[in-house]
Every structure is written in C-alpha cells, then in structure tokens.
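Only the coordinates and a few stated rules stand behind these numbers; no lab work does. As the structure is a prediction and not an experimental result, all values here were calculated from the model. All Cβ positions, even for glycine, are placed from backbone atoms using ideal geometry, and neighbour counts span all protein chains on display.
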Amino acid sequence: MDVVVYESLYGNTAAVARAIAEGMGGDTRALSTGEATPELVDQARIVVAGAPVHGMSLPSERSRASAAVKPQGEGHLAADLDHPSMRSWLAAMERGPRLAAAFDTRIRGPLGHGGATAIARALEAAGLTLLDEPRGFTVHLHTTASTPAALLTEGQLDLARGWGQHLRACADAAA
Ligand SMILES: Cc1cc2nc3c(=O)[nH]c(=O)nc-3n(C[C@H](O)[C@H](O)[C@H](O)COP(=O)(O)O)c2cc1C
C-alpha cells in the first residue's frame with residue numbers, strides 16, 4: 001500500500017491527491033492528514049504529501065483561521081479545518097527509509113511557491129528519499145468557491161494523474 005496524504009481546505013488539493021493516487025495505481029490510497037495515521041503510513045513504501053500554498057509557505061494555524069472567517073455566504077464553501085495542517089502532520093511523522101514526493105496547489109505568479117519545497121525538505125529531514133522534484137498544480141485566484149475542487153485550472157487533474165504514473169515508474173526503477 002502506498003499513500004498520498006493531503007491537507008485541503010476547499011477540496012482542490014484533495015482532488016489532485018486522488019488523481020495522483022489513481023496515476024500511481026495499485027492499492028495507492030489518497031488520505032487526509034486526519035486519516036493518514038502512523039499505522040497506515042508505516043505500511044507504505046511511497047509517501048506523497050501535498051498542501052495548498054498559504055502566504056508563500058505551508059498553511060499555518062493563523063492562515064487556516066483566516067480562511068475560516070472568509071465570506072461564506074450563499075455559493076461559498078466553508079473551509080474544511082477538520083483535519084490537521086500538513087505542517088503538524090509532517091512534524092509528527094515517523095522517520096523511515098521510504099520513498100517520497102511533495103506537491104502543492106498554488107496560484108500562478110510570484111505568490112505561487114513555498115509549499116511543495118517545504119514539504120520536500122521535511123520529508124527528507126525525516127529520512128525519506130525524494131523520487132522527483134517538488135511539483136505545483138495551479139488554481140484560479142479566488143479563495144472561496146461554490147463547489148469542492150472548483151478552483152483548479154484546466155488540465156491539472158490530467159497532469160496529476162500523469163505525475164502519479166511517473167512516480168510509480170521512478171519507484172519501480174528504484175526497486
Ligand atoms: C489564507 C490563504 C492564503 C493564501 N495564500 C496564497 C499564497 O501566498 N500563494 C498562492 O499561490 N496561493 C495562496 N492561496 C490560495 C491557495 O493556494 C488556494 O486556496 C488553494 O490552492 C486551494 O486548495 P484547497 O482547496 O486544497 O485548500 C491562499 C489561500 C488562502 C485561503
């Protein structure tokens with residue numbers, strides 16, 4: 001079993017995670033940071049982790065709290081804060097000789113960086129070996145949307161599936 005672990009407030013990173021897991025195939029599971037317990041992660045040979053970019057970095061308790069008070073009138077999804085931040089999940093992750101990859105969801109332009117690289121650094125610090133460079137998937141510049149995953153720009157889920165296939169091929173080559 002391999003895992004794609006995600007933090008996702010509005011469903012976009014979750015949808016990318018599911019597409020990556022589909023591309024990786026086999027019994028790869030996409031799990032939120034709340035679902036990805038140490039027992040499950042312990043069984044994985046590959047751990048892929050992703051989160052939205054907030055403030056050119058990983059979401060913090062402060063940025064998550066600010067998302068919670070954004071306009072949530074009719075047509076706007078409430079931020080899902082039921083699962084922990086990727087930051088805290090990574091801090092609690094057990095060390096181990098696993099394969100790994102990191103991604104984020106971001107807007108296009110100068111603000112769109114800082115998530116996947118931070119995840120990659122944390123994975124390496126925990127003893128995991130990166131299969132590929134950190135990867136970003138793009139969303140439209142709105143912080144709220146009416147339906148989950150509605151912010152992704154065109155073609156991102158196909159790119160995510162393709163990247164999942166690529167990660168699987170890299171892992172097979174490393175076997
Ligand atoms: C509080 C907050 C801060 C954000 N800051 C950035 C940023 O600095 N750079 C960026 O590219 N996107 C930023 N975004 C947009 C997020 O990347 C976007 O909401 C996210 O990719 C959606 O993914 P999700 O549905 O999985 O939460 C921010 C969003 C929020 C809510």
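The mean sequence separation of alpha-carbon pairs under 8 Å and at least six residues apart, normalised by the residue count of the chain, gives a relative contact order of 30 percent. Highest mean packing first, where packing is the average number of other Cβ atoms within 10 Å per residue, the peptides 86-99, 49-62, 21-34 line up as 49-62, 21-34, 86-99. With K and R counted +1 and D and E -1, the other residues having a Cβ less than 13 Å from that of residue 34 yield a net charge of -4. Compactness ratio for the chain: Cα radius of gyration over 2.2 N^0.38 Å (N = residue count) comes to 0.96.
Expressed as an acute angle from 0 to 90° and rounded to the nearest 10, what is the orientation of the C-alpha long axis of helix 12-24 relative to the principal long axis of the chain? Taking Cα atoms only, the helix is inclined about 20 degrees.
Over all other residues within a Cβ to Cβ distance under 13 Å of residue 84, the charged ones net out to -3, with Lys and Arg as +1 and Asp and Glu as -1. Extents of the stretch 36-133, taken as max minus min of Cα coordinates on every principal axis and listed largest first, are 46, 32, 21 Å.
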